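This report concerns only the one structure given below.
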Amino acid sequence: MTNLIRAEFRRLLATRMWGGLLVAAAVIGGGMIGVMALVGPENFEPPLPGLDTDTGVRSLLGILGYTALVPAVAGTVAVTAEYRHRTAAVTFLFAPRRWQVLAAKLATYAVVGLVYGLVLAGTAAVALFSVAAARGVSLGMPAPTVLALLGRIGVAMMVYLLIGVGMGALIRNQVAALCVVIGYLYLGETLLMMIPGVNLLYPILPGGATAALTDFTYVADAMSEQLGSTTIHLLPPAVGALVLTMYAVTAAAIGVIVPMRRDIT
Amino acid sequence: MSIDGLTIEVSQLTKRYGEITAVRDLSFTVEPGVITGFLGPNGAGKTTTMRMLTGLVSPTRGTATIGGRPYRRLARPSATVGAMFDANAFHPGHTARDHLRVYAAMGGHPDSRVTELLHQLGLAAAADRRTRGFSTGMRQRLNLATALLGDPGVVLLDEPGNGLDPEGMSWLRGLLRGLADKGRTVLISSHVLSEVQQLVDDVVVIRRGELVAAGPWSRLAGPPTVLVTSPDADTLAVTLATSPVEAGTPPRVDIVRPGQLRVHGLNAAGVADLAAAHRLRVHELVTENTSLEQLFLDLTTDPLTTSRAGTP
């Protein structure tokens with residue numbers, strides 16, 4: 001098993017994807033948060049509460065949470081690359097107990113996701129605090145709370161990367177897998193929300209669980225407004241984290257079980 | 001780590017894909033210490049069989065074992081069996097060295113083995129180039145290097161001749177002969193008989209997923225026949241048919257057409273000597289396709305034919 005994890009790290013570190021992923025984390029974390037903080041949520045269209053309010057800070061961090069698509073895509077690409085470049089056959093020749101290969105990939109990408117989340121959250125924290133200081137705005141949320149929220153976002157990034165790995169292992173075809181992952185995260189969930197009744201499920205869907213993790217209620221509030229009658233309540237943050245982890249574990253378990261018996265041709 | 005060859009045993013192996021039966025009730029054994037050719041026309045089921053042998057494809061029925069164990073139950077698969085399939089199984093962004101290092105780690109083989117193989121397979125100069133720019137020959141060599149990482153006792157190569165230049169092929173022959181001489185098990189598939197003719201000791205021939213012939217080449221090939229063109233054909237035919245040969249029975253002679261004979265049971269030199277002794281003219285002497293060659297030719301040229309190669 002150690003051999004397999006070592007092999008997966010070698011596989012990843014030998015490609016350019018690794019560096020690109022770290023750059024993406026810094027650009028999205030530090031860059032995007034920096035620019036948004038500089039502009040100020042009060043100047044957004046439509047305007048959001050300013051950085052000096054709790055809701056304003058939460059909104060920025062919530063938007064950051066929505067970039068979980070990036071690690072999800074990275075995980076999907078990493079796993080499906082084995083099928084696209086036909087190295088899966090070689091890999092399964094060296095490790096015929098296929099669940100071990102997937103388990104090693106999950107372990108490797110959990111570390112990768114954690115590093116990604118750390119860089120993202122770290123650069124976002126630096127950007128947020130320094131821009132606030134430069135603009136002379138005191139954040140509407142105590143610094144430890146900001147850091148705790150950023151930490152949760154970092155963890156969410158890791159979980160999304162693993163969801164990507166699981167979906168990739170399941171679908172195998174790179175383009176199809178990317179369509180499903182991107183399609184669901186950016187379109188599918190929104191479409192689901194339009195079906196009466198289904199939107200009540202929002203809190204336990206990946207998007208809703210991520211929002212719960214960061215207490216980002218923008219989408220839920222908008223939906224409640226449309227519905228008029230029922231108000232949608234997000235799960236408590238800890239439960240949201242749990243639900244999200246369950247998605248990753250399920251995707252991973254499927255990813256581990258399904259490739260076992262499939263023919264590699 | 002054992003580097004001795006192990007016996008490959010395929011028993012009543014069957015693979016169905018929906019309506020299509022790719023391999024049907026196939027049984028044969030491959031012994032260590034010799035090179036075995038796995039022959040058959042394209043689409044005969046060679047690759048499917050080899051994939052079942054290595055656990056990549058699950059058989060519908062039957063078993064395929066290496067040293068008595070199915071591939072998936074081998075304790076150290078890549079140190080036991082080196083298998084090569086697709087010539088194109090690399091991440092384009094990886095260098096040759098990257099690729100080998102990934103699989104060296106996976107199989108628990110030392111990194112020194114990577115450098116060793118890069119040199120041994122003539123890839124040292126290209127070691128740090130990304131595989132995206134590799135020629136087919138280089139890919140084939142890198143594939144072979146991957147299969148040999150664990151210094152395995154059993155080597156399975158699917159169509160290794162594809163993309164290899166004559167020099168590469170001759171090098172491969174040397175390598176495989178060396179492995180067989182060391183007592184290892186070598187199985188190579190090919191749809192081109194001439195490619196492996198000089199190399200293999202044993203053969204397994206399949207067609208449409210079924211066994212056609214298996215055994216030592218020398219036994220299956222049968223005695224050669226000689227086609228003689230001579231203006232004195234009639235006299236020569238009588239002379240040949242009445243000549244006592246060392247082995248006992250005189251050669252059998254068929255008249256193909258006026259001026260041409262087919263001789264069974266005597267080689268070209270024997271025919272020439274006999275003709276010379278009787279002052280008969282010979283314009284042409286051709287040693288003909290052995291029966292296995294004829295059989296294989298029938299299989300490859302007409303995949304729908306049901307007749308075995310008859311005696312010409």
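Bear in mind that the values in this text are calculations on the coordinates, not laboratory data. Small disclaimer: the values here were computed from a predicted structure and weren't measured. In this analysis, Cβ positions are derived from the backbone assuming ideal geometry, glycine residues included, and neighbour counts consider all displayed protein chains.
A few points about this structure:
- Assuming charge only on the beta carbon of Lys and Arg (+1) and of Asp and Glu (-1), the dipole of the stretch B:37-131 about its Cα centre is about 380 debye to the nearest 20.
- The H on the amide N of B:V256, modeled in the peptide plane, is under 5 Å from the matching H of B:L261, B:R262, each at least 5 residues off or on a different chain.
- Helix-only CD estimate at 222 nm, as mean residue ellipticity for chain B, using -39500 (n - 2.57) per DSSP H run (n ≥ 4): -9500 deg cm²/dmol
- Take each residue in A:93-103, count the other chain C-beta atoms within 10 Å of its C-beta, and the mean is 5.
- Look at the stretch B:97-105: the mean tally of other chain Cβ atoms within 10 Å of its residues' Cβ atoms is 6.
- Computed [θ] at 222 nm, helices only, for chain A once each DSSP H run of length n ≥ 4 contributes -39500 (n - 2.57): -23000 deg cm²/dmol
- Dipole moment magnitude, nearest 20 debye, chain B about Cα centre, only Lys, Arg, Asp, Glu C-beta charged: 1060
- Shielding by partners for peptide B:141-150, expressed as the average number of C-beta atoms from other protein chains within 10 Å of each residue's C-beta, is 1.
- Cut-off under 5 Å, modelled amide H: who pairs with B:L211 long-range: B:S27
- Between 0 and 90°, nearest 10: helix B:291-301 axis offset from chain B longest Cα axis: 60
- Share antiparallel - DSSP beta bridges, the protein assembly as shown, percent rounded to 5: 65
- DSSP bridge analysis restricted to the stretch B:92-237 gives an antiparallel fraction near 60%, rounded to the nearest 5.
- Against the main long axis of the alpha-carbon atoms of chain B, helix B:136-148 sits at an angle near 70°.
- Per-q log10 I(q)/I(0), the stretch A:159-210, q = 0.19, 0.24, 0.28, 0.30 Å⁻¹ (Debye; single scatterer per alpha-carbon; no solvent): -0.68, -0.92, -1.05, -1.10
- Dipole of the protein assembly as shown, positive direction: furthest Cα of B:V154, A:T2, A:A95, with charges on the beta-carbon: A:T2
- Cα point-scatterer Debye curve for chain B, base-10 log of I(q)/I(0) at q = 0.06, 0.07 Å⁻¹: -0.28, -0.37
- Among beta bridges identified by DSSP and lying wholly in chain B, the antiparallel ones come to about 65 percent.
- Among A:20-27, B:152-159, the order from most to least packed when residues are scored by Cβ within 10 Å on average: B:152-159, A:20-27
- Amide proton proximity set for B:L6, modelled H, under 5 Å, gap of 5+: B:T185
- Top positive-direction residue, dipole computed over the stretch A:1-108 with Cβ charges, set A:V70, A:Y83, A:L12: A:Y83
- Computed magnitude of the charge dipole of the protein assembly as shown (debye, nearest 20; Cβ of K, R +1, Cβ of D, E -1): 680
- Taking every full run of DSSP H in chain A, the ones that stretch at least 15 Å from end to end by Cα along their long axis and average 1.0 or higher on the Kyte-Doolittle scale are A:98-135, A:143-171, A:237-257.
- Counting only aspartates and glutamates at least 8 places from B:K15 when in the same chain, those with an alpha carbon closer than 14 Å to its own are A:D263, B:D25, B:E210.
- Considered as an equivalent ellipsoid built on the Cα gyration tensor, the protein assembly as shown has semi-axes of 69, 23, 19 Å, the largest given first.
- Those aspartates and glutamates that a straight Cα-Cα span of less than 14 Å connects to B:K182, excepting residues fewer than 8 apart in one chain: B:D4, B:E31, B:D151
- Cα centroid of the stretch B:89-146 to Cα centroid of the stretch B:42-83, whole Å: 24
- When the charge dipole of the stretch B:55-108 is built from unit charges on Cβ atoms (+1 for Lys and Arg, -1 for Asp and Glu) and taken about the Cα centre, the candidate among B:A104, B:A89, B:V57 whose Cα reaches farthest toward its positive end is B:V57.
- In degrees, nearest ten, helix B:233-242 long axis to first principal axis of chain B (Cα): 80
- Cα gyration tensor shape of the stretch A:146-258, rounded if a/c is under 1.5, else prolate or oblate by comparing a/b with b/c: oblate
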